[in-house]
Every structure is written in C-alpha cells, then in structure tokens.
Amino acid sequence: DAKTTQPPSMDCAEGRAANLPCNHSTISGNEYVYWYRQIHSQGPQYIIHGLKNNETNEMASLIITEDRKSSTLILPHATLRDTAVYYCIVREGAYNQGGKLIFGQGTELSVKP
Amino acid sequence: DGGITQSPKYLFRKEGQNVTLSCEQNLNHDAMYWYRQDPGQGLRLIYYSQIVNDFQKGDIAEGYSVSREKKESFPLTVTSAQKNPTAFYLCASSIAGRNEQFFGPGTRLTVL
C-alpha cells in the first residue's frame, strides 16, 4: 500500500471549513483513498473514500487531484465535535492483505470556538 | 441498533495472567479484526478473520490468540507471552470485500 503523509496538527475556527491535506505520491492506479477519524479514547470512524473522482457525503467532501498524488478532506462547517485525529489511508481491495488498514500518525484537528 | 460491542471498557490484570477481551457484532459482517493502539500512535493489526473458523496473523500477533467459532464473535486473548500488553485494543468488522471497517468503542487494558 502507498505511504501517506499528513501534517501532525491543524487548527480550525468553529463554523469554518476544515481542509485536511494528504500526500500519497506513490499511489498506484487501483488504490483508493480512505479517510477515518478517531475522537479521543473512541474507536475510529469511517468518513469517506474515493478512487479518482471527487466524493461527497453527509459528513465531508473528498477532493483528489488529477494526478492522484494528493487529496484533501473538507469538513464544510466544522464544529467542536469534529475535534479528532484524522487518518488518510491508501489501499487496494479488501482481500489484499486481509483487509488491513494501515493507520499512520494522522492529523490532529482542533476546532476552536 | 446494529453495531459492535467490546467489553469491558477498562480492564486491569496482574502481570503473568492471561486475559480475554470480548468483541461482538450484530452487523452480519463476515470479516473481523483486532488492532492495538499505543499512546500517540496509529493502529496496528493483531489478527483478522474473513470467515468463521478461519483467521490470520496480522503484524503483531506474537503473544496473542483468537478464535472465530461464531460469525458474531471474535474474542482476543492476551497471553502472558505478550511483553507489553498495556494498550488500547480495538475490534472492527466489515462486509467481505469492503474496506469500510466499523469499530467498537475499545477496551483499555492495563497490566500491573
């Protein structure tokens, strides 16, 4: 699986958009980009994933660059409850490596009032 | 409500004792996973199971054992052979062939 690079921490004002970047310059053509988040002392929560097209769901939007070497997770109106560690994960289909998700250090997002 | 439950939330054991962590899901998921998380670190895979009566070692299986006798249950035993068992343990499940994993609330194990 491709390695990902994320900033260790970011701040965002409540009500503003939070834009979390992720670099995955070695991504291969059949690898997807997944985003999870982990609120302190809880289990991770799936947010969104994509292959090459931009994706949006009720939680967030995912913007993947045309060369697929980087992506941005957008929380359109951040709230205090969005304070968490956000993980960007790149991987192939689940049957490779038994569906293992490789969680790196992630980005610690702090939403401030 | 469907979901994954882990019990207990906090667990204390004396060094040298085996301890079993519970993980149950009613999502009808085929695949289940155990991860370990140390302070300030990401998750590391201990064991996973894609089907009943079958499981595979993850990256850090030494000192751990699992069983998968029922689709709904995937208990993890932390044995005395695990050198540093104090950690936050997370169980997850997924539909076979999908990468969206659903996580339980975790069990924080402290070995005294």
Filter result (over 14 Å from A:T65 (Cβ atoms) and surrounded by 15 or more Cβ atoms within 10 Å (Cβ to Cβ)) within the stretch A:15-30: A:A18, A:L20
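Given the residues B:L43, B:L109, B:L76, which is the only one that is within 11 Å of chain A (Cβ to nearest Cβ), crowded, with 16+ Cβ neighbours inside 10 Å and among the hydrophobic types (A, V, I, L, M, F, W, C)?
On the way: B:L109 fails: within 11 Å of chain A (Cβ to nearest Cβ); B:L76 fails: within 11 Å of chain A (Cβ to nearest Cβ).
Just one listed residue meets the conditions, B:L43.
Only one of A:G106, A:G50, A:G29 is under 22 Å from B:N99 (Cβ atoms) and at pLDDT below 90; which?
On the way: A:G106 fails: at pLDDT below 90; A:G50 fails: at pLDDT below 90.
None of the other options fit; the residue is A:G29.
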Go through the stretch B:61-76 and report how many residues are basic (K, R) and in contact with a strand residue (DSSP E or B) (Cβ under 7 Å, 6 or more places away or on another chain). 1
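Answer yes or no as to whether A:S25 is more than 23 Å from B:G58 (Cβ to Cβ), small (G, A, S) and within 10 Å of the chain's Cα centre (by Cα).
Numbers: more than 23 Å from B:G58 (Cβ to Cβ): yes; small (G, A, S): yes; within 10 Å of the chain's Cα centre (by Cα): no.
Judged against the criteria, A:S25 is not a match.
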Condition broken by A:S70, with the remaining ones in (1) surrounded by fewer than 21 Cβ atoms within 10 Å (Cβ to Cβ); (2) among the hydroxyl-bearing types (S, T, Y); (3) in contact with a Pro (Cβ under 9 Å, 6 or more places away or on another chain); (4) closer than 27 Å to B:I46 by Cα satisfied: (4)
Within the stretch B:27-36, does at least one residue satisfy the condition of being of a type in the set (S, T, N, Q), over 11 Å from the mean Cα position of the chain (by Cα) and more than 9 Å from chain A (Cβ to nearest Cβ)? yes
The number of residues in the stretch A:60-103 that are within 14 Å of another protein chain (Cβ to nearest Cβ), at pLDDT 95 or above and over 10 Å from the mean Cα position of the chain (by Cα) is 1
Among the listed residues A:K3, A:K52, which satisfies the condition of being within 13 Å of another protein chain (Cβ to nearest Cβ), part of a loop (DSSP other than H, G, I, E, B) and of a type outside the set (S, T, N, Q)? A:K3
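The values are calculated or read from the model by the stated rules, or taken from the named source; none is laboratory data. Treat the numbers as computed from the prediction; the structure is a model and nothing was measured. Cβ coordinates were reconstructed from backbone atoms using ideal geometry, including for glycine residues, and neighbour counts include every protein chain displayed.
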